[in-house]
Amino acid sequence: MKFLVVDDSVTMRRILVNSLQRIGYTDVVEAGDGQEALAKFDGSIGFVITDWNMPNMSGTEFTKAIRSRPDGATVPVLMVTARSVKEDIMVALQAGVNNYIVKPFTPQVLKEKVDALSPAAAA
Amino acid sequence: MPNSDGGEESPHESEAATKARSPEIRVVPDSASTNSRMPAASVVEPPASIEQSNSRVLELLARVRDTRAALRNSPFAKLQATQEKFRHVTSATEDAASNIMDSCDRANALVDALDTIDAAEQPDRAAALEIRSRLRDELFQMMSALQFQDITSQQLNHSSAILSEVEARLFEVAQYLDGKGPLGHTSTEATTAPELLTYDPDATMKHAEVRQALVDDIFSDSRASAA
């Protein structure tokens with residue numbers, strides 16, 4: 001399964017990519033904001049992990065954009081963000097996010113969420 | 001009293017006589033004699049320059065009042081929050097450094113243990129395998145601790161936005177006091193929708209588990225209501 005990791009922080013992208021590799025997911029594409037992610041998003045992407053606050057296009061805008069496409073309607077989207085106010089979480093839900101991780105996160109939490117959302121788990 | 005001409009000076013000298021002796025002296029008419037020729041108001045009214053000064057002072061006082069109100073409602077109130085953010089940054093970097101150092105200490109101890117195993121005549125491969133796994137965990141812990149960089153950069157971006165806002169407001173106030181512009185509401189962060197900011201103003205390293213539990217509850221409720 002190919003992952004698309006979207007975060008404007010290079011440090012966070014490296015941490016996420018390393019964490020995914022550690023739990024067995026090595027096919028990862030990276031993007032620095034929603035706009036770049038949208039350009040890289042195609043039918044080969046099987047899982048999206050995105051930050052919220054980013055320049056050019058936020059994580060919620062990006063999620064809405066891919067949800068409006070036939071090839072993005074059902075792709076699991078996991079938001080990883082520092083935002084943790086209830087109103088924000090509701091906004092993310094309405095945008096089409098499937099699950100949500102609060103920064104800073106532990107590798108265990110990431111594994112749980114990814115495993116729970118991965119198509120294999122759904123099947 | 002003798003005058004300069006040697007004659008006696010009369011205390012009731014006529015105006016004409018005074019003018020004749022000293023033509024440069026202008027006699028100010030008394031109020032009784034001028035009442036009939038000049039309106040009374042012109043005597044008590046201040047000169048135009050004083051009136052102008054007075055109105056200028058009143059205008060400045062009004063500006064000072066406006067300025068004080070503007071400063072009270074300005075991001076100055078947020079400066080205290082900025083100081084708090086700086087304290088958080090200091091604390092987060094200190095905690096992260098401490099966690100990484102602890103992991104380094106544990107990793108060094110594990111490397112020493114591997115050396116001991118290797119030095120044995122019959123190395124315990126199973127024990128070495130287990131130690132290597134723990135060593136990888138420690139390295140991973142170090143990497144995870146680096147998340148502080150993302151959080152603190154958001155805190156610093158927020159503080160920077162507040163300081164820029166204060167700078168803009170001070171400039172605006174200076175312009176206003178000089179009469180060069182109105183007092184508006186130059187605000188950067190406050191006028192930007194929270195979801196459009198490139199950072200989270202409330203980003204924090206604290207209580208991550210509690211915040212994650214809140215998120216999980218909301219998502220559970222959402223799934224339950226959807227089902």
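The values are calculated or read from the model by the stated rules, or taken from the named source; none is laboratory data. Nothing here was measured: the structure is a model prediction, and the numbers come from that model. Cβ placement follows ideal geometry from the backbone for every residue including glycine, while neighbour counts extend to all protein chains displayed. Heads up: the accessible areas ignore ligands, DNA and RNA and are worked out on the full protein's heavy atoms, side chains in. Shrake-Rupley method; radii C 1.70, N 1.55, O 1.52, S 1.80 Å.
What is the residue count in the range A:67-97 for residues that are within 18 Å of residue A:43 (Cβ to Cβ) and not aliphatic (A, V, I, L, M)? Final tally of qualifying residues: 9.
Can you find even one residue in the range B:146-164 that is surrounded by fewer than 16 Cβ atoms within 10 Å (Cβ to Cβ) and farther than 24 Å from residue A:80 by Cα? Yes, some residue in the range B:146-164 is surrounded by fewer than 16 Cβ atoms within 10 Å (Cβ to Cβ) and farther than 24 Å from residue A:80 by Cα. Of the numbered criteria (1) modelled with pLDDT of 95 or more; (2) open to solvent by 20 Å² or more (accessible area, probe 1.4 Å); (3) more than 11 Å from every other protein chain (Cβ to nearest Cβ), the one residue B:213 fails is (3).
A single member of A:42, A:71 is acidic (Asp, Glu), away from chain B (no Cβ under 14 Å) and part of a loop (DSSP other than H, G, I, E, B), and it is A:42. The numbered conditions (1) in contact with an Asp or Glu (Cβ under 9 Å, 6 or more places away or on another chain); (2) closer than 30 Å to residue B:156 by Cβ are all true for residue B:117 except (2).
Does residue B:140 satisfy the condition of being of a type in the set (Phe, Trp, Tyr) and closer than 23 Å to residue B:197 by Cα? Criteria not met by residue B:140. Given the options A:49, A:89, A:66, name the one that is more than 10 Å from every other protein chain (Cβ to nearest Cβ), part of a helix (DSSP H, G or I), open to solvent by less than 10 Å² (accessible area, probe 1.4 Å) and hydrophobic (A, V, I, L, M, F, W, C). Exactly one of A:49, A:89, A:66 is more than 10 Å from every other protein chain (Cβ to nearest Cβ), part of a helix (DSSP H, G or I), open to solvent by less than 10 Å² (accessible area, probe 1.4 Å) and hydrophobic (A, V, I, L, M, F, W, C), namely A:66. Counting only residues that are touching a residue at least 24 places away in the same chain (Cβ under 8 Å), open to solvent by less than 60 Å² (accessible area, probe 1.4 Å) and at the interface with chain B (Cβ under 7 Å from one of its Cβ atoms), the range A:9-24 holds 2 of them.
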